[in-house]
Structure formats: structure tokens, C-alpha cells
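Shown next, in C-alpha cells, is the structure this report addresses.
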There are 2 protein chains.
Amino acid sequence: MTAKTQTRPGGRSARVQASVHAAVEKLQHAMPRDAVTIPAIAEEAGVTPSTIYRRWGDLRELFADVAIQRLRPDSPPADTGGARSDLEAWTDQYAEEMASGPGRKMIQDVLISQGEDGKASACCDITRAQLELLAERARGRGEAFPCVDDVLDQVVAPIIYRILYDQPLDESRWRRFIARLFEEIADKG
Amino acid sequence: MTAKTQTRPGGRSARVQASVHAAVEKLQHAMPRDAVTIPAIAEEAGVTPSTIYRRWGDLRELFADVAIQRLRPDSPPADTGGARSDLEAWTDQYAEEMASGPGRKMIQDVLISQGEDGKASACCDITRAQLELLAERARGRGEAFPCVDDVLDQVVAPIIYRILYDQPLDESRWRRFIARLFEEIADKG
DNA sequence: AACACTAAAGCAAATTTTTTGCGTTAGTGC
DNA sequence: GCACTAACGCAAAAAATTTGCTTTAGTGTT
């Protein structure tokens, strides 16, 4: 996952990674974001700056790395008993989380990095996986559920887009988008 | 617009801004992006680094500034004779432009900056203005046109979202999204 | 047209960050 | 336990950013 944790001679990632990540999170709370420098993180983490430079390259990559870990949901989406209300509940929580100060920072951190590898798409995949879970749960109940890509495009995308462009959506609006998707699959059924 | 171009004693922006912008664009073409440094830009532009630092703060702000100017469309959207085909044509061009290498960089540059001011929302506003133009044109012809916010949320947002997350949409998909919006307003009419 | 006023730009020194070479240490597989 | 490899620490060198002060160029007024 973090690339070098595999079984190869010489690897030593776990400890350093943990303390650096912790240092980043601590400093991000303690001071304005642009004041968080690599030398400062290094000192807080008890490692040398060069370690961080060599391992992450720059602040952006490091921040993105931390952000992705925070994005990873710690619990599966709530089960409210019905497909549509499941999706609504998930969306409400997702939107709130993303619109929050830290949430926006995370999105930006991930997008900004996009150095070469697909760190950004990894982040999107996490969301998709959550939705797949909801879809599967619905299927298990014999309920209809919109295509996951459609949910991404018509519900998640506008939420993120508006957050990025500083004009957050309100709940009634994404509720409407969800309603549309369910209407559409109802027509076909 | 660029803040200091107003009528105030002491202003001197125009010349420096022009040469710095030009230098940025030239260097961005000539070398990998991370190799473009402020000192290099300063030399190319024939100004002192400190001038750039004081005026823009850092590379991100400067890049965003340049990107926004490039985003500003130089011609109004094509007139294809009908509201729906106008929107389709505009969307095709927009998506292509944004999905291109330089387009993606621009999006990122703008989003990354988001220092304090609403540079990002300015960028969204440019898109909105284009859509308003299409809507007005349709109105002039007596044709129905979807709500601009709906177009932003259901057509533009997924295009940008997918580009950011490195999984670009294909044409048939946004065509479908456009179709949905037109169906919806047809139902109400 | 000259004058006063203000903010931007130049310059250079001080500071901080980033890069780099090399020796050391810790984790892996045999 | 042994050999091997990559990550880390350390320190010097290079590059970047910041900062105080001076000079220069626009603006508005008389």
C-alpha cells in the first residue's frame, strides 16, 4: 500500500511513517497550514528532514498521504433499512464531512499532489467502494439501486465540485439528485 | 480585477505583470513543471525574485493567476441554431479543453491556490457566465433551457470531477446527462 | 507642467529550506 | 546467525525565501 512495506530486504517504513504522519496531524492543528514546514515536521517526529524529503519528496505528497488515510472510512455506511434512505444517509454524512474545514483540506491535498501516480483516483475509489457496499446491500434485499457510476456523477460530483469552487450545495439539492436517480430506475423497472 | 490596477498613487502593475505572466507560460512549456522556480521566472521576466514574492506570495498563486487568464474564453459559445445542440457543442468543447494536459494543469493550479480569496469561485463563475449566455440565447428564441445551476451540477461537475480523479468521462455520457435535463424541463412544460 | 504622495520594484544581506554524498543501522530472506 | 539491501542520520553545499532599505514610477493636485 505505502509501496515499501512489502517483503524486501532493508525496508524500515512503519515506525517512521507513523511518527511523521502523527507529527503532520499535530502540527496542522497547532498552526496555520502554510506554517507547517518539513523541517518542523521532522523535528516533531524525531527524524531528519532528509528522511522526509527522500521518502515523500515534498509537502504535497506527504499531506496527500496523510489525507488519504484520513479519508479511509473507519466504519461501513449505516444501515437504515432501505436502499434509498441508506444512500441519503450516506450522502448527508459524506457531504458534511467533505464540506468541513478539514474535509476540504483533505480533498485539496489529494488533488494537489497528483504528482505522477494515481493517488487521486485512489481517493475516488474509496468513495466508490462505499457506494458498492450500499448497492450490494440493496441487491441482497431485492431492492433496486442506481448504477454506482451514476451516483458518482450525479450526486458525489456536484457535491465535491461545489465545495472546490467554494459554493457548497445544500441538502435539499442533493436529495433532489438522489430522487432523480431513483425515479429513473423506477421507470425502467 | 488584478486588484492594484485601480487609480491609486504608486501603482505600477501592468508592465511587470505582463512580463511575468509571459515568462511563466514560456517556462511551463520549456521544462517540467516542478523545475519552474520563482528565481527562474524572475530572470526570464527581467525582474527581481523579491518582486514576485511580494506580489504573488508563492508559485501557486502566480500559477493560478496565469491559469485564470487562460481560462477566460476568447470567444462566445458557438451558435448552432438550437438550444440543446448549443449546449452539446459547448460541453464537447469545454470537456475537451479541460481534459487536455494544459487544461488539467489549469484546473489544478486554480484549485490549489485557493489561498484565501475566492480565486476558485471566480473560475467557476466564468463557466457559469458562458452557460448564462446560452440560456439567454435560448430565451431569445423562445426555447426552453435547463436551469444553469442544474447544468453546472449535472453536466459540468461530473466532467471536472472525473478529470480530477483521473477517470475522464466519455462524450456519450455527458450527452446522456444533457438529455436528462432537457427531458425534465419538457415534462414540466 | 511641476509637485507631493504613495506603492511597487530593485538590491543585497540574512534566513530558511532543499539537495546531496557518505557512513551507519535496521529489517529480510537464506 | 549471515549476507544483503534499503532506509535513515549527519553534515556540508546549494537553492530558495524573507526582509530592511533605497530608488523609481505612476496618480492626483495645484
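The values are calculated or read from the model by the stated rules, or taken from the named source; none is laboratory data. Predicted model only: the values in this text are computed from it and were never measured. Virtual Cβ from ideal backbone geometry, glycine too; neighbours counted across all protein chains shown. For accessibility, only protein heavy atoms count, side chains too; no ligands or nucleic acids. Shrake-Rupley method; radii C 1.70, N 1.55, O 1.52, S 1.80 Å.
Summarise the accessible area of the protein assembly as shown (1.4 Å probe, protein heavy atoms) by the percent that is carbon and sulfur. Taking all protein chains in place, the protein assembly as shown shows 51 percent carbon and sulfur surface. For chain B, the share of alpha carbon pairs falling in successive 10 Å distance bins from zero is 8, 31, 29, 19, 10, 2, 0 percent. Estimated at 0.36 nm per residue, the fully extended path between A:Arg175 and A:Ala99 surpasses their Cα-Cα distance by 25.7 nm. When B:Arg141 is represented by a point 7 angstrom out along its Cα-to-C-beta vector, the spacings to that point in the other copies are 4.5 nm, nearest first. Just report the Cα centroid separation between segment B:103-149 and segment A:62-86, whole Å. About 30 Å separates the Cα centre of segment B:103-149 from the one of segment A:62-86.
Step through the table entries A:Lys26/A:Lys105; A:Lys26/B:Lys105; A:Lys105/B:Lys26, compare each Cα-Cα distance with 26 Å, and write down the pairs that go over it. Walk me through the numbers before you get to the answer.
Details: A:Lys26/A:Lys105 15 Å; A:Lys26/B:Lys105 31 Å; A:Lys105/B:Lys26 31 Å.
Over 26 Å Cα-Cα: A:Lys26/B:Lys105; A:Lys105/B:Lys26.
Inter-chain Cβ neighbour count for B:163-171, averaged per residue, equals 5 (cutoff 10 Å, partner chain atoms only).
If exposed means no more than 15 neighbouring beta carbons inside 10 Å and the site is in a DSSP loop, what's the longest run of chain A without any exposed GluC sites (Glu not before Pro)? Maximal segment without exposed cleavage sites: A:1-115. In nanometres and ascending order, the distances from the B:Ser19 label point to those of the other copies are 4.9 (point 7 Å from Cα along Cα→Cβ).
Here the protein assembly as shown is assigned +1 on the Cβ of each Lys and Arg and -1 on the Cβ of each Asp and Glu. Its dipole about the Cα centre then comes out at about 1080 debye. Accessible surface for A:Met31 stands near 60 Å², nearest 10, in the context of the full protein assembly shown (1.4 Å probe). Each of A:Lys26, B:Lys119, A:Lys105 has its accessible area taken with a 1.4 Å probe; listed largest first, they run A:Lys26, A:Lys105, B:Lys119. Buried accessible surface for the B/A chain pair comes to about 3300 Å², total over both chains, computed with a 1.4 Å probe. Label point of B:Phe182 set 7 angstrom out along Cα-Cβ; within segment B:70-110, amide nitrogens under 18 Å from it belong to B:77-95.
For segment B:13-57, averaging the sequence separation of C-alpha pairs within contact (under 8 Å, six or more residues apart) and dividing by the residue count gives a relative contact order of 37 percent.
Go ahead and estimate [θ] at 222 nm for chain B from helices alone: -39,500 (n - 2.57) per DSSP H run with n ≥ 4, summed, over the residue count, rounded to 500. Could the numbers behind the result be given before it?
Working: 10 runs with 130 residues, N = 189.
Computed mean residue ellipticity for chain B: -22000 deg cm²/dmol.
Sorted from shortest to longest, the distances between the B:Pro73 label points of this copy and the other copies are 3.7 nm, with each point 7 Å from Cα along the line through the beta carbon.
Go through B:His21, B:His29 and list them by solvent-accessible area, largest first, probe radius 1.4 Å.
B:His29, B:His21
Listed by chain and number, the aspartates and glutamates whose C-alpha is less than 12 Å from the C-alpha of A:Lys119, apart from same-chain residues fewer than 8 away, are A:Glu61, A:Asp65, A:Asp109, B:Asp166.
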